[in-house]
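Structure first, commentary second.
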Amino acid sequence: MKFGDIPVIEAVGAILAHSLRVGDDTFRKGRSLSESDVKALSAAGFSSVIGVRLESGDLDENSAAARVAQSIGDDSVSLSTARTGRCNINATAAGLVMLNGEGIDDLNLIDEAVTLSTVVPFTPVDAGDLIATVKIISFGVAEESVMQCEAAAREQGPLVRIAP
């Protein structure tokens with residue numbers, strides 16, 4: 001992943017690192033710039049933007065968060081749609097949150113760009129309650145890191161589950 005100042009004329013496909021006001025519109029951080037976005041930025045007087053370009057072997061933040069989240073639980077949890085690099089994990093039924101603390105620590109030590117955070121162990125929850133979140137800290141992450149997280153979670157999993 002390459003982060004930095006990108007000339008607007010070269011910014012198609014770049015991911016915005018900061019939200020920008022462009023005329024009457026707002027381009028939110030995390031937006032992948034299209035050709036029409038670049039034209040609008042140029043027309044609004046922007047000569048460059050701060051952004052990210054994913055490189056070969058990188059995954060975007062939403063794909064990475066979803067993949068890691070899919071590997072950490074069992075059928076007692078459900079996943080939200082990944083947005084802004086975050087995939088929430090919710091209880092599918094009432095019960096107590098059961099965590100594999102050692103497995104969570106191991107996953108969190110793989111790459112500083114990948115984080116799994118949870119509620120406190122043995123928290124009583126109802127169906128639909130948020131119990132954990134996978135967050136990709138940057139706009140993308142190496143697929144190799146995601147694969148290591150998936151393998152660690154499956155090897156020690158489930159890391160997060162609900163006991164009825």
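The values are calculated or read from the model by the stated rules, or taken from the named source; none is laboratory data. Being a predicted model, the structure only gives us computed values, none of them experimental. FYI the Cβ positions are ideal-geometry reconstructions off the backbone, even for glycines, and counts take in every protein chain you see. For the accessible areas, the whole protein counts, side chains as well, though only heavy atoms, and no ligand, DNA or RNA atoms are used. Shrake-Rupley method; radii C 1.70, N 1.55, O 1.52, S 1.80 Å.
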- Message: Against the condition acidic (Asp, Glu), closer than 20 Å to Ser117 by Cβ and in contact (Cβ under 8 Å) with a residue 24 or more places away in the chain, how does Glu61 come out, does it pass?
- Response: yes
- Query: When you look at Ser71, is it farther than 13 Å from Gly140 by Cα, in contact with a Cys (Cβ under 8 Å, 6 or more places away or on another chain) and among the polar types (S, T, N, Q), yes or no?
  - Reply: yes
- Note on the structure: Scanning the range 76-93 for residues that are part of a loop (DSSP other than H, G, I, E, B), open to solvent by 60 Å² or more (accessible area, probe 1.4 Å) and modelled with pLDDT of 95 or more, the one nearest to Glu10 (Cα to Cα) turns out to be Thr81
- Identify, please: which residue in the range 1-26 is over 26 Å from Glu143 (Cα atoms) and of a type in the set (Asp, Glu) and is, among those, most open to solvent (accessible area, probe 1.4 Å)? Asp24
- Query: Which one is surrounded by the fewest Cβ atoms within 10 Å (Cβ to Cβ) among residues in the range 107-139 that are small (Gly, Ala, Ser) and not in a loop (DSSP other than H, G, I, E, B)?
  - Reply: Ser117
- Please work out which one of (1) open to solvent by 20 Å² or more (accessible area, probe 1.4 Å); (2) part of a helix (DSSP H, G or I); (3) hydrophobic (A, V, I, L, M, F, W, C); (4) farther than 23 Å from Met1 by Cβ is the condition Ile104 fails and give its number. (1)
- Subset of the range 152-164 (residues that are part of a helix (DSSP H, G or I) and either open to solvent by less than 60 Å² (accessible area, probe 1.4 Å) or in contact with a strand residue (DSSP E or B) (Cβ under 8 Å, 6 or more places away or on another chain) (or both)): Ala152, Ala153, Gln156
- For the range 27-75, how many residues are among the small types (Gly, Ala, Ser), touching a helix residue (DSSP H, G or I) at 6+ places or on another chain (Cβ under 6 Å) and buried (at least 18 other Cβ atoms within 10 Å of the Cβ)? 2
- Give the range 138-154 a look and list any residue that's touching a residue at least 40 places away in the same chain (Cβ under 8 Å), farther than 12 Å from Gln70 by Cα and more than 14 Å from the chain's Cα centre (by Cα), or say none. Glu144, Ala152
